[in-house]
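See below for the structure under consideration.
The values are calculated or read from the model by the stated rules, or taken from the named source; none is laboratory data. These numbers were taken from a predicted model, which means no experiment stands behind them. FYI the Cβ positions are ideal-geometry reconstructions off the backbone, even for glycines, and counts take in every protein chain you see. Side chains are part of the model used for accessible areas, which takes the heavy atoms of the whole protein and leaves out ligands, DNA and RNA. Shrake-Rupley method; radii C 1.70, N 1.55, O 1.52, S 1.80 Å.
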Amino acid sequence: GRLVPLASGMEKGHIDFWLQGKKLNGGWSLLRMSANPKQWLLVKMQDAGALFPPDPVESRPKSVLSQRTMQQIADDKKSKIWHSNHAT
């Protein structure tokens, strides 16, 4: 592959990128949805990163940042709640 400027990928509606994180690894694609151009679909590429972990929530349930599980975060009344402000 070749490096393509982000603006070009945004214009075309297809952006490929690679992550090397603690939970997410390998190649990913962002694809603009034709039905609603404001919506993008995140797709995992079929590569070595797709093999392990199959489900990061199951295999590595703790937050990288807080070291808490989703249930611990949900039970914490002091945790901030994110609102997308988008109509569903």
Within region 12-58, considering residues that are open to solvent by 70 Å² or more (accessible area, probe 1.4 Å) and touching a Ser or Thr at 6+ places or on another chain (Cβ under 9 Å), the one farthest from GLN72 (Cα to Cα):
HIS14
Check off (1) within 29 Å of VAL57 (Cα to Cα); (2) of a type outside the set (A, V, I, L, M, F, W, C); (3) at pLDDT 85 or above for LYS23 and give me the number that stays unchecked.
(3)
